[in-house]
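The values are calculated or read from the model by the stated rules, or taken from the named source; none is laboratory data. All values derive from a computational prediction rather than experimental measurement. Here the Cβ positions follow ideal geometry from the backbone for every residue, glycine too, while neighbour counts run over all protein chains shown.
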Amino acid sequence: MDCSSSRANQEADADADADDGGTDVHQTTAFCNRKRRYSRTQVLASSKGLLLCCLLGPLIYYVCDPVTRQWISLPRAPNNATRHPIYFGEGLVSRANEENVVTSFKVVRVEWLSGKYDFLNIETFSSETGEWKDAKLFCSQPIQLLKRGGPFTFNGIIHWFTCEHRLVAFDPYKNANQCHLIKLPEDRDIENEYKYDGLYRLCDECQGHLRYFEVAPEASEFFFFSMWVLKDYDKAEWCLEHQVTRSDIRSSDPNLSSYLLGVTFIPLAFHPFNLDVVYLRCVEHASIVSYNIQTKWLDVSCHSIGSIEDLSWRVVIPFVLPMWPTPVPQPSREAIRHP
């Protein structure tokens, strides 16, 4: 289900439910029991041990810590009196102090625009003020965001994919009305990227590095796996650091090993701690595998995941359990009472 396509109507009845949660801390079990009448809960983003979730029907956003089972519901954004925009592409960015305790967070969502424009309309919620604020971000070139697949965060900056297969970046803690365009590696497989709408690529942060991993969808293509690392963020300079053919790869799993020359892999996520490991979905064998860049070795991580046609990087939300519980920052009562 495309969460963004039905959100405009879902917001119409959200006021009472958002006020019901308010900004108080609750138990997750109580949250689930009280919200059973809703059709679906969806995880949208993660940041420093916190998760951004939404309830569909009506649309309500929540930020929670699954370890402490604390959550807060976000107030509904103010209505637009002249039009009814549809928002999607939600991102979550949080800040922590020297003790790695999260002190604040911001939630950003983008208005869906059907054409190319040299701006983005966004809404940002701040835990420090307890308010949503809208803004227009100006871009150096006309762009249109991809509707499928959420954003990722790198160094506290939210990045969205564009239909022109670039990245548009926004720092909610610094840039009030500007965004930054980043080119993807020029020697990547652009033809298949357009053909499959970016399904066989993965771009995300791994241990302080921004990486771009590409899988060749066709068995006839020479290079199977390729990976670039962004060396200069401001200049968008990428360096090709890994490239292998199908015959270079090995696996200890007999079933996987015998079909390596013909199976299809879809990238899912980078390992959060090991720079050498990438997780992929093996379509024909309905399994999740890990690929080691250094050893060129494939290991099966999860057998028989079933038929999940939409399982790709577009729906995978990497989440790392924090070393210590992460209390959910809440707006002060004064900020809520006196916006």
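Below are the figures for this structure:
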read-out: Total residues in the stretch 90-113, condition modelled with pLDDT of 90 or more, part of a loop (DSSP other than H, G, I, E, B) and out of contact with any Ser or Thr (no Cβ under 9 Å at 6 or more places or on another chain); value: 1
read-out: Verdict on LEU145 being among the aliphatic types (A, V, I, L, M), crowded, with 17+ Cβ neighbours inside 10 Å, modelled with pLDDT under 95 and within 18 Å of the chain's Cα centre (by Cα); value: yes
read-out: Count of residues meeting criterion [assigned to a loop (DSSP other than H, G, I, E, B) and either in contact with a Leu (Cβ under 7 Å, 6 or more places away or on another chain) or surrounded by fewer than 13 Cβ atoms within 10 Å (Cβ to Cβ) (or both)] in the stretch 214-231; value: 4
read-out: Residues that are modelled with pLDDT of 95 or more and hydroxyl-bearing (Ser, Thr, Tyr), drawn from the stretch 154-201; value: TYR200
read-out: Verdict on ILE266 being among the β-branched types (Val, Ile, Thr) and either within 17 Å of PRO217 (Cα to Cα) or at pLDDT below 95 (or both); value: yes
read-out: Scan of the stretch 118-145 for residues that are assigned to a loop (DSSP other than H, G, I, E, B) and among the charged types (D, E, K, R), ordered by number; value: GLU128
read-out: Strands (runs of 3 or more DSSP E) lying entirely in the stretch 232-321 (those with 1 or more residues that are touching a residue at least 60 places away in the same chain (Cβ under 8 Å)); value: 265-270, 277-282, 287-292
read-out: Scan of the stretch 264-287 for residues that are buried (at least 18 other Cβ atoms within 10 Å of the Cβ) and either among the hydrophobic types (A, V, I, L, M, F, W, C) or closer than 24 Å to THR153 by Cα (or both), ordered by number; value: PHE265, ILE266, PRO267, LEU268, ALA269, PHE270, VAL277, VAL278, TYR279, LEU280, ARG281, CYS282
read-out: Unmet requirement for GLY198, which otherwise passes all of (1) without any contact (Cβ under 8 Å) to a residue 60 or more places away in the chain; (2) surrounded by 16 or more Cβ atoms within 10 Å (Cβ to Cβ); (3) assigned to a strand (DSSP E or B); value: (3)
read-out: Among (1) farther than 27 Å from ASN292 by Cα; (2) at pLDDT 90 or above; (3) touching a Leu at 6+ places or on another chain (Cβ under 7 Å), the one test that LYS133 misses; value: (3)
read-out: Lone qualifier among GLU186, GLU205 - being in a strand (DSSP E or B), of a type in the set (D, E, K, R) and surrounded by fewer than 22 Cβ atoms within 10 Å (Cβ to Cβ); value: GLU205
read-out: Test: TRP160 is more than 24 Å from GLU111 (Cβ to Cβ) and either aromatic (Phe, Trp, Tyr) or touching a strand residue (DSSP E or B) at 6+ places or on another chain (Cβ under 9 Å) (or both); value: no
read-out: Filter result for ARG250 (more than 24 Å from the chain's Cα centre (by Cα), more than 24 Å from PRO185 (Cα to Cα) and either surrounded by fewer than 16 Cβ atoms within 10 Å (Cβ to Cβ) or not aromatic (Phe, Trp, Tyr) (or both)); value: yes
